[in-house]
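S.K.: This is the structure I have questions about; it appears just below.
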Amino acid sequence: MLKNKIILILGAGGLLGSRLVQECLKHHAAVIAADINIDAMQSRLGTLGVDITNEKIDFRQVNITDESQLKDFFSNLTDIDGAVNATYPRNKEYGKHFFDVSMASFNENLSLHLGSAFLFTQQCAALFKSKQKPLSVINISSIYGVIAPRFEVYNNTPMTMPVEYAAIKSALLHLNKYIIAYVNDSRFRINAVSPGGIFDNQPEAFCNAYRSFTHGAGMLDVGEIIGSILFLLSDHSRYVTGQNIVVDDGFSL
């Protein structure tokens, strides 16, 4: 699907980004794998069996929340066909229950996550304007950017669905539409993928409650999200733009 394409993956050392690097390589793409910590990124990819000496991987270090650094990073890109933002920046206060969230922390998390997504997508648009070559951009949203949280799945756990997350992921969907309408060129596409719950060793009580709202799959393996991203990066989705693909086994129905 991706033969001869060059794909930029920001957050390539994360749960989703690392698997995406692996799958893009399997589909014969060259990958620019970027994250804030190259050593940690390479270590995680190594645990997945990715050959980090593969000449088709170009490792880069970048902090997506640093405006000058990210702009310099994009100014040094010569050629990409697709770009995926798989980052998840947040502060140390992130994850508190609603009444415990301060305005300062709320604003900081919006700045870190939504602000960096804006900057990433803006720089992708600027790169397209400069190179005038087709570019497919993907931001990762969430089912909780589409529907209200099902708070009952968090009963009997210390977890909650952070209010910042809902605000960020819903805003991200409209940010995509704004930018794609502003650029107004069918060669430049922005889409979103909205995963349901991805398994990452959450408590059993949570996983069981979550499963009751799906059609049986429950929490998804991160690999189940990859196919939709590969489709959006490929020429099979050439005129798909401004859309959001929900992958959740019916949780949001």
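S.K.: Out of Val31, Val21, report the one residue that is surrounded by 13 or more Cβ atoms within 10 Å (Cβ to Cβ), part of a helix (DSSP H, G or I) and of a type in the set (A, V, I, L, M).
M.R.: Val21
S.K.: What about Lys71, is it surrounded by fewer than 15 Cβ atoms within 10 Å (Cβ to Cβ) and either touching a Gly at 6+ places or on another chain (Cβ under 9 Å) or assigned to a helix (DSSP H, G or I) (or both)?
M.R.: Spelling it out, Lys71 is indeed surrounded by fewer than 15 Cβ atoms within 10 Å (Cβ to Cβ) and either touching a Gly at 6+ places or on another chain (Cβ under 9 Å) or assigned to a helix (DSSP H, G or I) (or both).
S.K.: Out of all the residues in region 203-214, is one or more modelled with pLDDT under 95, closer than 30 Å to Glu93 by Cβ and not in a helix (DSSP H, G or I)?
M.R.: Within region 203-214, one or more residues are modelled with pLDDT under 95, closer than 30 Å to Glu93 by Cβ and not in a helix (DSSP H, G or I).
S.K.: Residue under question is Ser111, and the condition is that it be surrounded by fewer than 17 Cβ atoms within 10 Å (Cβ to Cβ), assigned to a helix (DSSP H, G or I) and within 17 Å of the chain's Cα centre (by Cα); does it hold?
M.R.: In short, yes.
S.K.: Evaluate the following for Val163: is it in contact (Cβ under 8 Å) with a residue 40 or more places away in the chain, in contact with a strand residue (DSSP E or B) (Cβ under 9 Å, 6 or more places away or on another chain) and either surrounded by 18 or more Cβ atoms within 10 Å (Cβ to Cβ) or of a type in the set (A, V, I, L, M, F, W, C) (or both)?
M.R.: Considered against the rule, which asks whether it is in contact (Cβ under 8 Å) with a residue 40 or more places away in the chain, in contact with a strand residue (DSSP E or B) (Cβ under 9 Å, 6 or more places away or on another chain) and either surrounded by 18 or more Cβ atoms within 10 Å (Cβ to Cβ) or of a type in the set (A, V, I, L, M, F, W, C) (or both), Val163 comes out as no.
S.K.: Looking for whichever is within 27 Å of Leu232 (Cα to Cα), under 14 Å from the mean Cα position of the chain (by Cα), at pLDDT 95 or above and basic (Lys, Arg) here; the options are Lys177, Lys129, Lys133, Lys169. Which one fits?
M.R.: Lys169
S.K.: A further question on this structure: Of all residues in region 74-96, which are outside any loop (DSSP other than H, G, I, E, B) and touching a residue at least 24 places away in the same chain (Cβ under 8 Å)?
M.R.: Correct list: Phe74, Gly82, Ala83, Val84, Asn85.
S.K.: Residues in region 186-202 that are part of a strand (DSSP E or B) and free of Cβ contacts under 8 Å to residues at least 40 places away in the same chain: how many?
M.R.: So the answer is 0.
S.K.: Just wondering, is there one or more residues in region 228-241 that are within 20 Å of the chain's Cα centre (by Cα), in contact (Cβ under 8 Å) with a residue 12 or more places away in the chain and more than 22 Å from Ile6 (Cα to Cα)?
M.R.: For region 228-241, residues within 20 Å of the chain's Cα centre (by Cα), in contact (Cβ under 8 Å) with a residue 12 or more places away in the chain and more than 22 Å from Ile6 (Cα to Cα): absent.
S.K.: Scan region 31-87 for residues that are under 19 Å from Ser136 (Cβ atoms), among the β-branched types (Val, Ile, Thr) and in contact with a Ser or Thr (Cβ under 8 Å, 6 or more places away or on another chain) and jot them down.
M.R.: Scanning region 31-87 gives Ile64, Thr87.
S.K.: Determine, yes or no, whether Asn176 is touching a residue at least 12 places away in the same chain (Cβ under 8 Å), in contact with a strand residue (DSSP E or B) (Cβ under 9 Å, 6 or more places away or on another chain) and either buried (at least 21 other Cβ atoms within 10 Å of the Cβ) or part of a loop (DSSP other than H, G, I, E, B) (or both).
M.R.: yes
S.K.: Hey, another quick one. Report the residue count in region 144-158 for those that are part of a loop (DSSP other than H, G, I, E, B) and under 10 Å from Tyr210 (Cβ atoms).
M.R.: The qualifying residues number 1.
S.K.: Quick one: in region 97-108, of everything that is assigned to a helix (DSSP H, G or I) and of a type in the set (Gly, Ala, Ser), which residue is farthest from Asp35 (Cα to Cα)?
M.R.: Ala104
S.K.: Determine whether Gly216 is without any contact (Cβ under 8 Å) to a residue 40 or more places away in the chain, at positive phi and surrounded by fewer than 18 Cβ atoms within 10 Å (Cβ to Cβ).
M.R.: Judged against the criteria, Gly216 is a match.
S.K.: Hey, another quick one. Please determine whether any residue of region 90-110 is under 25 Å from Ser228 (Cβ atoms) and out of contact with any Leu (no Cβ under 7 Å at 6 or more places or on another chain).
M.R.: So far as region 90-110 goes, no, none of its residues is under 25 Å from Ser228 (Cβ atoms) and out of contact with any Leu (no Cβ under 7 Å at 6 or more places or on another chain).
The values are calculated or read from the model by the stated rules, or taken from the named source; none is laboratory data. Being a predicted model, the structure only gives us computed values, none of them experimental. So basically every Cβ, Gly included, is an ideal-geometry build from the backbone, and we count neighbours across all protein chains shown.
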